[in-house]
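Notes follow once the structure below has been shown.
The values are calculated or read from the model by the stated rules, or taken from the named source; none is laboratory data. Values in this document were obtained by computation on a predicted structure and should not be read as measured data. Here Cβ is always computed from backbone atoms with ideal geometry, including for glycine, and neighbour counts include all displayed protein chains.
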Amino acid sequence: MSTTNIGINQLPVTNEIVNGDYLIIDNGTETRRLDFKDFIVGADNIVGVDNIIPYTPAGTGAVTTTTQNKLRESVSAKDFGAVGDGVTNDTSAVQTAMAASSDIGFYVGNYNIATTPTYSGPHILEVGNGGSVTGAGAGVLGFSNNGLQGRQLVQRNTTGADIATQNIRRIANHTGGTPGFVSSALSVRTDVTNPSATNFEWAIIGQIHNSATAGENVGIYGQGNKKSTGPTWGMVAEARDLTNLDNPTTGLIGIEVDVFANGTDSNENRVGVDVVTGKGVSDGTNCSAGYAFRAGAYAGSSFVNGLRIDSSTYAGVALGNSGTYGVKVLASAVLAVGIDLSQGTYSASALRLGLKTSKIDLEPTATLQIDVSSGSNIVRLLSGGVEKCGLDLDTPSLRIAGTKVVGVRENGFTAFTGTVDKTTTYNTGTVTLVQLAQRVAALQAALTTHGLISI
């Protein structure tokens, strides 16, 4: 049918259209009648036409609805009387909107929610397209109430069955690709382009304000589920220094972990980094993981310190494991010094062992050992588990093959006078008393020199 009007009947006598008016469209072949009975009429305008004008989305299988129903899928605070001028108190209008719809938009304007709205039920509240929210009630609703100019999405009154306020899922079912080219479900980038900027720019912030007494409540969580042979990471943090400068004076940090609290922690429940291992499949075998922490470098690069602990700590490294090794240097390590304690200042001791319970192996097969586990204050040097020599700290005395050979110095000797002779060869059958005295004097001098007796 042509859109050209051939004949028009029943024209209104004024510039207003009233119920009962209709429009006849005739192209010479057929005639169509358009009734205005469903229109709500105002001076020089028609309100309500969207209730009869059909709306059909593009695409096969699309369902036709009215323009009015389609427009009502999105509700703005302004639809219920909010002004958005930053001065007028829009609390009442926002409260009315929340009573009418569970999905409210705050667009193009500064909405002053001066008091706390009363509402019930779950809601999705969205600030975007030039909108901002201020006032005491904004913070109660969950918005940043500092006049933030940016998109905000708040879900109110959630249930325990809610999965997420915003769920993004990417199904990467393509084949092939370019190694090194990164695809992602969510990409966030902040460019700080002005060198004089002094505020903190963080591309992503994850916060949880936890008032619960149970559960596991996390600010940021990353999970990598390995389902094939491809390498898998749960979370990666990478910091790159693009200045190409030696000895930088400001930091470049891959991961910073902060723990802020007040008071002591005798139960040791405040933890900076907690590394846990467990079963990947609940009915599978127990997990054995190669490393809790591993520091490595690309060829030609290096770490000055693999692990450095600065601050006032009770224990720099505290081992509470029940495994085979507390600290192990791997066979692949090529080191000048295994453990260097020479630069520290120690008020008690540089190295402390558990007395009567510890051994130190001097080679990989544990054939040569220093043993302090004999149950007494004896330090023993073992070979093949047999004591070769030792030091008895109770006597004190020096032991050879388990037998005391040298004890505490004997005092009170009087020195010989006269000739001392330790080199002349004597026949024991003809030796004279003088010769024996000279030899004994030599022995006394030697024992005194070595500290076994004192004069």
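Which pairs turn up if I take residues in segment 69-98 that are under 17 Å from THR116 (Cα atoms) and look for partners that are of a type in the set (Phe, Trp, Tyr) and surrounded by fewer than 19 Cβ atoms within 10 Å (Cβ to Cβ) with beta carbon separation below 7 Å, at least 6 apart in sequence or on another chain?
Going by the 7 Å Cβ cut-off, the qualifying pairs are GLN95/TYR119; MET98/TYR119.
May I ask you to list the residues in segment 193-217 that are of a type outside the set (Ser, Thr, Tyr) and either in contact with a helix residue (DSSP H, G or I) (Cβ under 8 Å, 6 or more places away or on another chain) or over 19 Å from ILE163 (Cα atoms) (or both)?
Matches in segment 193-217: ASN194, PRO195, ALA197, ASN199, PHE200, GLU201, TRP202, ALA203, ILE204, ILE205.
Name the residue, out of THR428, THR424, THR419, that is in contact with a helix residue (DSSP H, G or I) (Cβ under 6 Å, 6 or more places away or on another chain) and either loosely packed, with under 12 Cβ neighbours inside 10 Å or not in a loop (DSSP other than H, G, I, E, B) (or both).
Criteria check complete, one pass: THR419.
Hey, could you check segment 57-88 for residues that are among the aliphatic types (A, V, I, L, M) and assigned to a strand (DSSP E or B) and say which is surrounded by the most Cβ atoms within 10 Å (Cβ to Cβ)?
As a first pass, look at segment 57-88 and keep what is among the aliphatic types (A, V, I, L, M): 58, 62-63, 71, 75, 77, 82-83, 87.
When the remaining residues are screened for being assigned to a strand (DSSP E or B), the result is 75, 87.
On the way: VAL75: 17, VAL87: 10.
Out of the qualifying residues, it is VAL75.
Give the residues of segment 168-197 that are hydroxyl-bearing (Ser, Thr, Tyr) and within 20 Å of ALA239 (Cα to Cα), sorted by residue number. Break it down into steps so the answer makes sense when it comes.
Our first condition is that a residue be hydroxyl-bearing (Ser, Thr, Tyr); within segment 168-197, this holds for 175, 178, 183-184, 187, 190, 193, 196.
Within segment 168-197, SER183, SER184, SER187, THR190, THR193 qualify.
Can you confirm whether segment 110-124 contains a residue that is at positive phi and at pLDDT below 90?
There is at least one residue in segment 110-124 that is at positive phi and at pLDDT below 90.
Tally time: how many residues in segment 129-169 are at pLDDT 80 or above, under 23 Å from VAL188 (Cβ atoms) and not in a loop (DSSP other than H, G, I, E, B)?
Number satisfying all stated conditions: 4.
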